[in-house]
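Have a look at the structure below before the remarks.
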Amino acid sequence: MTSIQISRLNFIRSFENPIVGLLKITSYAFGIGAFLIIFYSFIAPLDKTIVALAFSLLSPMAVFYSLQEYVNYLKKNPGYLITAPERSQLENNFDYPSLAMLLVLRTKGWKALWREATKNVLVSDFLMRFGLTRGTISSYFPQATPTEEEIKQITLLSATYAEGSLISSFVFLGAIFSMPHLKIVLDKENISQSDLNLLIKHYIEIDEQKYRQTQFIPNGGIGKELASSYTNILDRFTTEIPESIGNYTENNPILKRNSFLDKLVLELNRGQTNSVVITGNPGVGKTEIFYHLADKIIHFQTKTALDGFSVRVFETAKFISSITSKAEAEQLVSIIFGEIIKNQKTVIFIDDIHLLLDKSEQKGTINLQSVFIPYFQNPAVRIVGATNRQNYTKTVGSDPQLAAALPSLELPMPEISDRVTILLNQVHRFENAHKVFFLFEAIKSIVELSNRYLSDQYSPEREIRLAEKLAVSASQSGETVINSKRVQEIVGEISDVPISVNEADKEILLNLEPKLHERVVGQNVAIKEIASALIRARSGLHNSDRPIGTFLFLGPTGVGKTETAKALSEIYFGSSEKMVRLDMAEYADNTGLQKLLGVSPQDPGALALMISEYPSSVVLLDEIEKSSEMVKNALLRLLDEGKITTNFGKVLDFKNTIIIATSNAGSQYIRESINNNVSAEVISKQLIDVVIKANNFSPEFLNRFDGVITYLPLTKDEINQIVKLQVSKIITLLKEQKGIDVSVSDSVIDQLAIEGYDPSFGARALNRVIKQKLETQIAKLILENNSTAGSSIEINNL
Amino acid sequence: MLFFKWWYGAGFEDQIKRFKRRVLYFSDFFSLSLLTATLFSPYKNDVDSYSGGVTAQIQQLKEGLISRFVGFWIRLAIIIAGSTVVGVLSVFNCLWLAIWAMMPLLVIALPVIGVLQ
């Protein structure tokens, strides 16, 4: 027996057949003619046959009209009269477009399904987001038609995704790609099941929008003007939000932030005082939320006394720049709010409200607190302010009376999954404007990478701006498809951090150990551990909410700890300049914490200054054991979460840094153990206990590091190698700059190693000895022999 | 059968919904509820609270009454115009619902009516 949905689909198709369409138009044309004849017959008598024919011609029009209504209804309500028992029939679980796909799949096979699916622009868009083009998808599907068992599996899977609703095209295709033997499609395109679900949900919502738009939304009508008073001064400094805001909000949904909107509506209906400030960092969407609030108010959707109010935006900058004195400003504010009170039905939005309430009265601000407070307390005045948390605390929060009249609602950044959906809604704009297409992987990358590398900006604005930048740059370079690689490149350019692991980078990462050894002699265990941590970070296994790496280097002076840090900055960040050193001995006393974390924006402290200049760098905390306990405690969060809050409330982001703390703690133990022939592994294991017992570091502090790395005293061989390294640098320099060949004998190398090595200072004295002994000797010989390019010098003794 | 079930069930309900929507649209367009609620309010809400001496207050009262008088007539005119439109619309809609109910019958009846004319 043919199922209801198949019968209906066939009926709809036959009704939309061009021949039936022609018949329909003809019947309408004859019907209208017949109407005119019948009306005319009431005015002037006509031949009875003509009138009879006219009446007869109305019948086909009535038939076609009735059927058209039925078809329209069925298309809007595909689940009409399909009861639970009827759902047991497989086809009755589908809406019409997906049912058409199912029938094509069943009879004509996989390739025909693709053709059927891409007839719909939205479905085509959905598949393209995954990078699935006609060419790629054909390669995944076998020629043959699926078995009935496979069809059942797809239906079952689709029904699970549809959660009780009829199966749509998106759900149907999603289910096909989730089939165990077809999952390869998702795997090859690097699409996770959650990505697929998110995209299905997004496209279903877009698809449903076309039906939502037909609903009637009131706007108050022509009498609204009569109910409001003249507002001449208010009009001068405010702009009314137009009714068309609805079109904007429809295309820019705020998703889970609807609950925030409800809170805002509640605040504006408190009763005693009805004003509120939205606080949040720049770019979190305060204005966006306000637009949605305005839309709800204008179109009678709040279901509160606010419905039908006029919503206006106060032009703060225009107001401040147009006034000549504070007295004038106070007078204007009184007039404006007088008009608002008289008008009764106005909600006013004041962005950067702190500019009007700033006690310090810096340039571009004014302190109108005294004149504003009575209006904030007046229930007839409804103000929605916006500013960031710091400015709110500074201007409003510091005054209890003001804070009570003007409470705040903190708007946090949207969750990561919501950011993806927000961006999906926004990219259409850029795609249309710049003729480009964002793959889903690119959208995901924008969200993930901006979260890690652009953390000085706030979501969702930073993602939207980044998407726009990508669209512009892709369009300029003639690219049409934006993938995740392109996103990595652009984010890398903006943040100055090498993000994408390209072939050259892979080479560096895989050869990190030998690369580090080119500059650091010995310390094999330490170098191996550091290299492993960095490979983990660059390959994406790293937790993105922490610094790239955190290490504590323990060991005596002059054994290569600082040199390792320098080498890392050169290899990882491309320059040894990208290393900032803090001498932690400077933060040993009670003022240490203030010096490190500042006291005010004018005196922001060492960490804030450093990270603002080098957001991506190696941070060397030298002699960490000498800093005060308070400083060490403050650093715990930095090591754990990659961020730290200054004493004046600013959050500093260290997620793009490698943090290296060095310490000489336990050096005595290391030396003694080496003298007693204790192995390096045992020393490393026992050293942690030694420094804890000696109260150098607490266990929780040590646990925060990715690695506590032991640096051992240098052996004589290693000292020799260091001397050779330094000497070869001098030889290369002379060859490059003067063209003079210099050779140094092994006995001289040995002598320099003996003289340059100090058990207390390691290889630190080496540079000085090489300069004093070797470089001076070479300089003398150059002068004595008048050496020029091409000549050679031999150093056999010092 | 399913078609007739729809025609006198969900189809008819759908027509009533459309009827409601049209009435709501025109009621909103002519602001019928808002204008009725503010029928006796001053024209454009342009009266300040009373202040000054007795003469000034009497003057303000006079101006207020004139404003309310003007406001009343303008509002009433719009209410009458709007109500007429809504009324006419309702009559046509009721007629349409009757035609809808008879439509299946009319398809057969119309040729017969024509012959009987």
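The table below lists the values:
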read-out: Qualifying positions in segment A:215-257 - away from chain B (no Cβ under 14 Å), without any contact (Cβ under 8 Å) to a residue 12 or more places away in the chain, surrounded by fewer than 13 Cβ atoms within 10 Å (Cβ to Cβ) and in a helix (DSSP H, G or I); value: A:Asn247
read-out: Meets criteria (modelled with pLDDT of 90 or more and more than 11 Å from chain B (Cβ to nearest Cβ)) for A:Val121; value: no
read-out: Yes/no for A:Leu36 being assigned to a helix (DSSP H, G or I) and within 7 Å of chain B (Cβ to nearest Cβ); value: no
read-out: Residue check, B:Leu97 surrounded by 13 or more Cβ atoms within 10 Å (Cβ to Cβ), away from chain A (no Cβ under 12 Å) and either under 27 Å from A:Ile217 (Cα atoms) or in contact with a strand residue (DSSP E or B) (Cβ under 6 Å, 6 or more places away or on another chain) (or both); value: yes
read-out: Qualifying residues in segment A:48-85 (those that are more than 12 Å from chain B (Cβ to nearest Cβ) and either assigned to a helix (DSSP H, G or I) or β-branched (Val, Ile, Thr) (or both)) - the one surrounded by the fewest Cβ atoms within 10 Å (Cβ to Cβ); value: A:Pro85
read-out: Flag if A:Thr421 is buried (at least 18 other Cβ atoms within 10 Å of the Cβ) and farther than 30 Å from A:Glu570 by Cβ; value: yes
read-out: Residue check, A:Thr304 of a type outside the set (Lys, Arg), more than 25 Å from A:Asn388 (Cβ to Cβ), surrounded by fewer than 21 Cβ atoms within 10 Å (Cβ to Cβ) and away from chain B (no Cβ under 14 Å); value: yes
read-out: Sole residue being more than 14 Å from chain B (Cβ to nearest Cβ), modelled with pLDDT of 85 or more, crowded, with 18+ Cβ neighbours inside 10 Å and farther than 30 Å from A:Lys152 by Cα, chosen from A:Leu199, A:Leu268, A:Leu173; value: A:Leu268
read-out: Verdict on A:Glu625 being surrounded by 14 or more Cβ atoms within 10 Å (Cβ to Cβ), more than 30 Å from the chain's Cα centre (by Cα) and not in a strand (DSSP E or B); value: yes
read-out: Output for segment A:334-356, where each listed residue is within 12 Å of chain B (Cβ to nearest Cβ) and in a strand (DSSP E or B); value: A:Thr346
read-out: Pairs where the first residue, in segment A:21-35, is touching a residue at least 24 places away in the same chain (Cβ under 8 Å) and the second is of a type in the set (Gly, Ala, Ser) and part of a helix (DSSP H, G or I), C-beta under 7 Å, 6+ apart; value: A:Ala34/A:Ala54
read-out: Qualifying positions in segment A:114-135 - part of a helix (DSSP H, G or I) and touching a Phe, Trp or Tyr at 6+ places or on another chain (Cβ under 9 Å); value: A:Trp114, A:Ala117, A:Leu122, A:Val123, A:Asp125, A:Phe126, A:Leu127, A:Met128, A:Arg129, A:Arg134
read-out: Residue in segment B:41-52 that is in contact with a helix residue (DSSP H, G or I) (Cβ under 9 Å, 6 or more places away or on another chain) and either closer than 30 Å to A:Tyr70 by Cβ or among the hydrophobic types (A, V, I, L, M, F, W, C) (or both) present; value: yes
read-out: Count - residues of segment A:120-152 that are loosely packed, with under 12 Cβ neighbours inside 10 Å and either of a type in the set (Phe, Trp, Tyr) or more than 21 Å from A:Pro180 (Cα to Cα) (or both); value: 2
read-out: Qualifying positions in segment A:158-181 - outside any loop (DSSP other than H, G, I, E, B) and either among the aromatic types (Phe, Trp, Tyr) or farther than 24 Å from A:Val121 by Cβ (or both); value: A:Ala159, A:Thr160, A:Tyr161, A:Phe170, A:Phe172, A:Phe177, A:Pro180, A:His181
read-out: Checking A:Arg581 against (1) charged (D, E, K, R); (2) over 14 Å from A:Ile658 (Cβ atoms); (3) at pLDDT 85 or above, the condition it does not meet; value: (2)
read-out: Selected residue (only one of B:Ser83, B:Ser31, B:Ser90 is in contact (Cβ under 8 Å) with a residue 40 or more places away in the chain and on the phi > 0 side of the Ramachandran plot); value: B:Ser31
read-out: Test: residue in segment A:21-29 that is surrounded by 15 or more Cβ atoms within 10 Å (Cβ to Cβ), within 14 Å of chain B (Cβ to nearest Cβ) and farther than 30 Å from A:Glu208 by Cβ; value: yes
read-out: Qualifying residue in segment A:326-334 (condition: closer than 30 Å to A:Phe216 by Cβ and crowded, with 18+ Cβ neighbours inside 10 Å); value: no
read-out: Subset of segment A:176-196 that is closer than 16 Å to A:Trp110 by Cβ and among the aliphatic types (A, V, I, L, M) - its residue that is surrounded by the most Cβ atoms within 10 Å (Cβ to Cβ); value: A:Ile176
read-out: Residue match in segment B:18-31 (condition: among the β-branched types (Val, Ile, Thr) and under 30 Å from A:Ile340 (Cα atoms)); value: no
read-out: When residues of segment B:22-75 are limited to those that are under 15 Å from A:Gly220 (Cα atoms), within 7 Å of another protein chain (Cβ to nearest Cβ) and modelled with pLDDT of 90 or more, the one surrounded by the fewest Cβ atoms within 10 Å (Cβ to Cβ); value: B:Leu24
read-out: Checking A:Arg382 against (1) surrounded by fewer than 18 Cβ atoms within 10 Å (Cβ to Cβ); (2) closer than 14 Å to A:Asn269 by Cα, the condition it does not meet; value: (1)
read-out: Among the residues listed as A:Thr365, A:Thr387, the single one being among the hydroxyl-bearing types (Ser, Thr, Tyr), surrounded by fewer than 20 Cβ atoms within 10 Å (Cβ to Cβ) and touching a residue at least 24 places away in the same chain (Cβ under 8 Å); value: A:Thr365
read-out: Any hit, segment A:744-762, residues being on the phi > 0 side of the Ramachandran plot and modelled with pLDDT under 85; value: yes
read-out: Subset of segment B:100-117 [among the aliphatic types (A, V, I, L, M) and facing another protein chain (nearest Cβ under 7 Å)]; value: B:Met103, B:Leu106, B:Val107, B:Leu110, B:Ile113, B:Val115
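Residues checked against (1) more than 22 Å from A:Gln457 (Cβ to Cβ); (2) outside any helix (DSSP H, G or I); (3) not hydrophobic (A, V, I, L, M, F, W, C):
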position: A:Tyr392; (1), (2), (3): no, no, yes
position: A:Gln401; (1), (2), (3): yes, no, yes
position: A:Val420; (1), (2), (3): no, no, no
position: A:Ala442; (1), (2), (3): no, no, no
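Listed here are the residues, each with its yes/no results for (1) outside any loop (DSSP other than H, G, I, E, B); (2) in contact with a Pro (Cβ under 8 Å, 6 or more places away or on another chain); (3) closer than 21 Å to A:Gln457 by Cβ.
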{"site": "A:Leu264", "(1), (2), (3)": "yes, no, no"}
{"site": "A:Asn274", "(1), (2), (3)": "no, yes, no"}
{"site": "A:Pro282", "(1), (2), (3)": "no, no, yes"}
{"site": "A:Phe290", "(1), (2), (3)": "yes, no, yes"}
{"site": "A:Phe300", "(1), (2), (3)": "no, yes, no"}
{"site": "A:Thr304", "(1), (2), (3)": "no, no, no"}
{"site": "A:Asp307", "(1), (2), (3)": "no, no, no"}
{"site": "A:Arg312", "(1), (2), (3)": "yes, no, no"}
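The values are calculated or read from the model by the stated rules, or taken from the named source; none is laboratory data. Predicted, not measured: the structure shown is a model, and the values here were computed from it. Reconstructed Cβ throughout: ideal geometry from the backbone, glycine too, with neighbour counts over all protein chains shown.
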